[in-house]
Every structure is written in C-alpha cells, then in structure tokens.
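One structure below.
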Amino acid sequence: MLNPSEIDALFDPDLPAPAFWEQQYPTRQLPAGAEVTRFCPSPTGHAHIGGIHVAAIDAAIARQSGGTYFVRIEDTDQAREVEGAVDRFDRAFHHFGVASDETDTTGLYGPYTQSRRARIYQTYVRELLRQHRAYPCFATKDELEALRADQLAKKVPSGYYGQWAPWRDADDDAVREQLAAGVPYVVRFRSPGTDAGRTSFHDRIRGTIEMDDNRADTVILKTSDSPLRLPTYHLAHAVDDHLMGVTIVIRGDEWLSSVPVHHQLFDALGFPRIPYAHIAPLMKQEGKTRRKLSKRKDPEADVEFYAQAGYPSEAVLYYLRGLANGRLAEMPLDQALRERVRLEECGVTGALVDLPKLEDICADHVAALPGATILDRVKEWAKAYDLPLAEALENEEDLALRALAVERDGADNPRKDLRKWADFRTHYGFFFQQLFDLVTDPADPRLGGLAPNVVQELSRRLLDRYQPLEDGAAWFDQIRAVAAELDFADNAKAYKQNPDKYVGSIKEASQVVRVLLTGSTRSPALHLVAATLGEAEVRRRLDAVRTA
C-alpha cells in the first residue's frame, strides 16, 4: 500500500481536504418536504425528447414541493462532446419550460458543469486512495481486452475483479516502479470483490429491488495522461449530488444496474445514500413490437424535430406529463400542467410516443387559443424557421387576424387545422399576396381537368357580375348562375345521370373558384375567404387565369 506522502504526490500539493468543499457547499435551507432534483445531460449529441420527459418530471417533483431543480452538464466524456450541444440543450430546456432554477450566475452550488469541478473530484479520489478504498491501475487497453476475452471463454461475469484485477493487490514496489516510469494509469474503486453478495434497495418508482451487489472495481478517475483529470459518472454524480444537496435522483432506467456500485461509493465516501427513481424510456411501435425511441432511427426522438415543426411547447409538455402519470392525460391542459406529478404513478414499462395523438392534443389546444395569441406564437416560430412568413405576418397583422378568425371566432365547432405552427403557411399562407402564387394556367391539374376555355370563361363571367356579398348563400349563387350559363349541372347526381349533357357539376365549378382564390382544392367557406381577402384581391386572383 502506498504511504500517504506517495498518494499526495499524485495530486496538486494545494488540493483542499473534503472539509473545505463541505464548507463551500453548506446544507440547503429548505422547507419541510421540499425536494432538490437535477437533470444531467451529456453534451454528446442532440437533445432527446426522452431527456425532456425526465427533466419535466425532475422539475415538477422539485417545484411542486417548494424545492429547487437544476441542470448540471455532465461533460466528463470530452472525447465524445459535440460542439454546440450545450447551447442546444439550453434552448430546448427554455422552450419546454424545464430550464434550470439555478445557474452559475444565480445559484450557490456551482459550477453546474462537471469539467469545471475537477479539483473537487480529485479531493475525494485522493481520500479514497488514502483509505485504501481505491488504487491506481496500469492495465492497458489490450490487456483489458484480453481479460474480457478470457472471461467470455470461461463464461463468467465480465468486469475487473478477482483474478481479472491484476492491479487490485499488486506489489507496492511494482506500483511505485510504474509511477516512477510515468506509465499512464486510472484510479479504480476497491469494491468488495468476489465477497460481494446480494443487495436490495428501494426505488421510488419500482419499489424494493434485489440484485447482485457490485463486485467490479469500477474506474472512478480517468487516465493520468489526460491534461484534465476527470472522473467517471459513477464518482462524479455521487460527489456532486451530495455537495449540491440533491434529495432524490430521478434518471433513466439504464442506470438501474449501477445502483449497487453507486451505493458502495456513497458509503465509502461517507455520504448518506440518496433515494433513486428510475424512469422507463420512451418507446416506439414498430410493427407488432415496441422498441426504444432512437435518435439514430426516429426523427421524433430529437427535440429539434418538435421545435422546427412548431409543436406548441405547452401541449408537448402536457403530453409528456400524461405519459408519466396517466390521470393527467384525462385532464384539461391547463389543469394538468398545474397538478402534481407522482413518482409512484410512473410506469415501469416505457410509454409509447404516439405522434397522431400528440397532434390531436395540439389541434384541440390551438383551437381554443385567441387569434392574437396564435399570431404571436406563429410569428415567434417563423422568425427562427420561416423568414418569408415572418415578414408577411409583420407586414399584414390585421389580415392575419382576420384569416385566423375564419370559421373560428364564434363557431360552435372551430377549425382544427393548426396542429403546429409550421401548418400556418399551408392553411393560411394563401391569404397573403407575398406568399401566394397566382394560378395562371387554365390547364392546371388542380382545376379538375376542365377544358381551359371553360375555366377562363367561368372566370370572366364571374368577374363581370361579382359582388362582395356578406350572405353565404347569396355569394355562392353568383357561382351557381355562371355555372348554369356554361352548362354545369346544378348537382353531382344530375351530372352523373347524364354526363354528356354537362361540362361538369356545380362541384367542379366551385372547385375552379376555390383553386383560383386559395391555390388548393380544400379551404374554408369561400364567401368567408373572399370577405377576408377583400374585393380587389378576389378580382386580381380570378383575373389571373382569364388573362393568361
């Protein structure tokens, strides 16, 4: 065993003792029952909607109890860090209302980025070495691979333990020789090894769990040849959660199997154990089977998918809370966002992400919003994702509000064509001159295959008698009168009974007008569209195909 001076020589001479950090991070003063939670993303890629799901639960559990919730960036795996990932996380957290309650500027328990806490971790690693609860390991990658291959051949559990842990009880002189030669090393935690038996613990979601205790000597401090001595997640989260006053760790269930080693580390460090709650992953239906939602395979796994499409953030948050606690999905959105999230109601099998269901929720939510609110939200979205639309809305706000009122304001069954903000251009863009492409070709397939001269004559005659009438039936009678003059049947049934007698039915004639005014074969009631556009614009659009 290395003596204390030899251990201390492995670290900066001015490294503080644990008591220093305990003073720097005093016990939080919180009301009874208040919870402190954290969400800890690793900046190794895009933000996953499953992360927002867990963060939303973290934030709810803390805030509803009068406690606090914070985001801590776990960037100790710097080789895999993706540039700009932290900024993307920050935007996503703000977008969905799960931004940290504490930051380096406002919080007292930072830094909230692990790479800036390296000295803290080194203090505790040194302490574990001093207590013979950790040791330096000089095994190379090739040697570790050979150990794993041997375990595989012998069909024993993998890991660094027992006869496959050559540096665990290595001769002190051999250790000193390696250190003197400057051979790179990691620091491993000294587990109970092969003497480890069974252990049990209580998970706040899953209840009592029993499993094999940890026997492997887990790496807790990465290789010494790195310019920044950083820990692995195992040690870092134990130290940070203790010092930062976390009262419950809510995280994905991929960490469930690591609880035994984490409890061993808490015990070895002299920290009280912190309760865990492990969240099941979000799933996707694929044929008859379910699988985890994958960032590599599924666009909807990426948080940017929701931001770019413009799903209302509060509707997405409502949906995610409903996946966590089914009773919330049965409540109106505003109520569900106020209600408590209960860990004991979280399922132990992954909830299915159903985009059609989410879109239905969004449609119902948007349909109930005032037009001015919708306009503000669409403008905010368009500034980031559709600049021509943003410009059109800025230039013609009154027109946008009139368009949004069509078949919404005062309607018993308001339109639900807006599910996400990206839908605005599709369903309302035609109202704006700078976004609308005039239909000039009388043979345009959208016009239903009518003879071009019939389309042009229909447009000419309607223009000759057009009046901006307010009554819907009277307005439509103008189309009916022109259609009769051009030998369109008054109804589809008459046309089907004698197709040689007519050029089409009133349905085809109406479609011509609809396409000329909106560019689409589907639209709100034409008299409302015309009233919103105004007479001059209606005439301009009808005339475009006549003069082509």
Once the in-chain neighbours fewer than 8 apart are removed, the aspartates and glutamates whose Cα is under 16 Å from Lys501 read Glu485, Asp487, Asp490
Residue-by-residue Karplus 3J(HN,Hα) for segment 424-437, coefficients 6.51, -1.76, 1.60, Hz, glycine and proline x: 4, 4, 4, 9, 10, x, 5, 5, 9, 4, 6, 10, 9, 9
Once you put a point 7 Å from the Cα of Phe201 and another 7 Å from the Cα of Gln308, both along the Cβ direction, what distance in nm separates them? 3.8 nm
Furthest towards positive pole of dipole, Ala170, Thr140, Leu463, structure part the chain, Cβ charges: Leu463
For segment 458-548, report the accessible area per residue in Å² (1.4 Å probe, heavy atoms, rounded to an integer). 50 Å²
Roughly what angle does helix 355-367 make with the longest principal axis of the chain, taking Cα atoms, 0 to 90 degrees, to the nearest 10? 60 degrees
What ³J(HN,Hα) values, in whole Hz, does the Karplus curve 6.51 cos²θ - 1.76 cosθ + 1.60 give for segment 478-491 when θ = phi - 60°, with x put for Gly and Pro? 5, 5, 4, 5, 5, 4, 5, 4, 9, 6, 8, 5, 6, 8
Can you order the peptides 451-457, 375-381, 511-517 by their average number of other Cβ atoms within 10 Å per residue, highest first? 511-517, 375-381, 451-457
Which stretch or stretches of segment 401-437 have amide N atoms under 14 Å from the point lying 7 Å from Ala368's Cα along the Cα→Cβ direction? 414
Between segment 401-418 and segment 459-480, what is the separation of their alpha carbon centroids in Å? 23 Å
With r as the distance between the Cβ atoms of Lys297 and Ala174 and R0 = 51 Å, compute the FRET efficiency 1/(1 + (r/R0)^6) and round to 0.05. 0.60
How high is the relative contact order of the chain, in percent, counting Cα pairs under 8 Å that sit 6 or more residues apart? 11 percent
Which order do the peptides 197-207, 500-510 come out in when sorted by mean C-beta neighbours inside 10 angstrom, highest first? 500-510, 197-207
How would you order 211-220, 164-173, 247-256 from highest to lowest mean count of nearby Cβ atoms within 10 Å? 211-220, 247-256, 164-173
State the extension gain, in nm to one decimal, for the chain segment bounded by Arg342 and Thr27, taking 0.36 nm per residue of separation less the distance between their alpha-carbons. 110.8 nm
Would you mind working out the magnitude of the charge dipole of the chain relative to its Cα centre, with +1 at each Lys and Arg C-beta and -1 at each Asp and Glu C-beta, to the nearest 20 Debye? 1100 debye
Straight-line reach from Lys222: which lysines fall under 25 Å, measuring Cα to Cα and dropping same-chain residues less than 8 apart? Lys141
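Efficiency by 1/(1 + (r/R0)^6): what FRET value for Ala492 and Asn453, r their Cβ-Cβ distance, R0 = 35 Å, to the nearest 0.05?
So, using R0 = 35 Å, E works out to roughly 0.95.
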Can you sort Glu177, Glu396, Glu286 by solvent-accessible area, 1.4 Å probe, largest first? Glu177, Glu286, Glu396
With the label point 7 Å along the Cα-to-beta-carbon line of Arg415 and a cut-off under 17 Å to each amide N, the hits in segment 363-388 are 363-379
Lys and Arg at +1, Asp and Glu at -1: neighbours of Leu418 with Cβ under 15 Å from its Cβ sum to -2
Computed over the chain: longest principal axis from alpha-carbon atoms vs helix 233-243 long axis, angle to nearest 10 degrees, is 90 degrees
Too long for a 25 Å Cα-Cα cut-off, among Lys284/Lys379; Lys357/Lys416; Lys288/Lys357, are Lys284/Lys379
Residue order for Glu537, Glu83, Glu143, Glu345 - accessible surface, 1.4 angstrom probe, largest first: Glu83, Glu143, Glu345, Glu537
For segment 198-279, report the accessible area per residue in Å² (1.4 Å probe, heavy atoms, rounded to an integer). 35 Å²
Compute the distribution of all C-alpha to C-alpha distances in segment 406-541, in bins of 10 Å from 0, and list the percent of pairs in each, rounded to whole numbers. 11, 41, 34, 13, 1
Please give the Cα centre distance for segment 157-199 versus segment 58-120, rounded to the nearest Å. 34 Å
Mind checking the full-extension length gain between Arg460 and Asp360? Use 0.36 nm per residue of separation minus the Cα-Cα distance, one decimal, nm. 31.8 nm
In Å², rounded to a whole number, the accessible area per residue of segment 290-444 with probe 1.4 Å is 49 Å²
Hey, any idea what % of the chain's accessible area is carbon plus sulfur with a 1.4 Å probe? 49 percent
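Multiply the residue separation of Asp437 and Leu228 by 0.36 nm, subtract the distance between their alpha-carbon atoms, and state the gained length in nm to one decimal.
69.4 nm
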Given a Förster radius of 51 Å and the C-beta distance between Leu387 and Glu485 as r, what FRET efficiency does 1/(1 + (r/R0)^6) yield to the nearest 0.05? 0.65
Counting only the heavy atoms of the protein chains, how much of Lys222 is accessible to a 1.4 Å probe, in Å² to the nearest 10? 60 Å²
Given backbone amide H placed at 1.01 Å from N, residues whose amide H is under 5 Å from that of Val36, ignoring those fewer than 5 places away on the same chain, are Thr68, Thr247, Ile248
Across 20 Å bins from the origin, how do the percents of Cα pairs in the chain run, short distances first? 17, 37, 24, 15, 6, 0
I'd like the accessible area for Thr194: 1.4 Å probe, protein heavy atoms, all chains in place, Å² to the nearest 10. 90 Å²
If one takes the longest principal axis of the Cα atoms in the chain, at what angle in degrees, from 0 to 90 and to the nearest 10, does the Cα axis of helix 141-154 lie? 90 degrees
Enumerate the calculated ³J(HN,Hα) couplings along segment 100-108 in order (Karplus 6.51 cos²θ - 1.76 cosθ + 1.60, θ = phi - 60°), each rounded to whole Hz, writing x wherever the residue is Gly or Pro. 4, 6, 10, 9, 4, 7, 9, x, 9
Name the residues of segment 468-486 whose amide N is less than 16 Å from a point 7 angstrom out from the Cα of Glu535 along the C-beta direction? 468-471, 475-476, 478
Please report how far the C-alpha centroid of segment 286-346 lies from that of segment 496-548, rounded to the nearest whole angstrom. 41 Å
Of all DSSP beta bridges in the chain, what percent run antiparallel (nearest 5)? 60 percent
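The values are calculated or read from the model by the stated rules, or taken from the named source; none is laboratory data. These numbers come from a predicted model, not from an experiment. So basically every Cβ, Gly included, is an ideal-geometry build from the backbone, and we count neighbours across all protein chains shown. Side chains included, ligands, DNA and RNA excluded: accessible areas come from the protein's heavy atoms. Shrake-Rupley method; radii C 1.70, N 1.55, O 1.52, S 1.80 Å.
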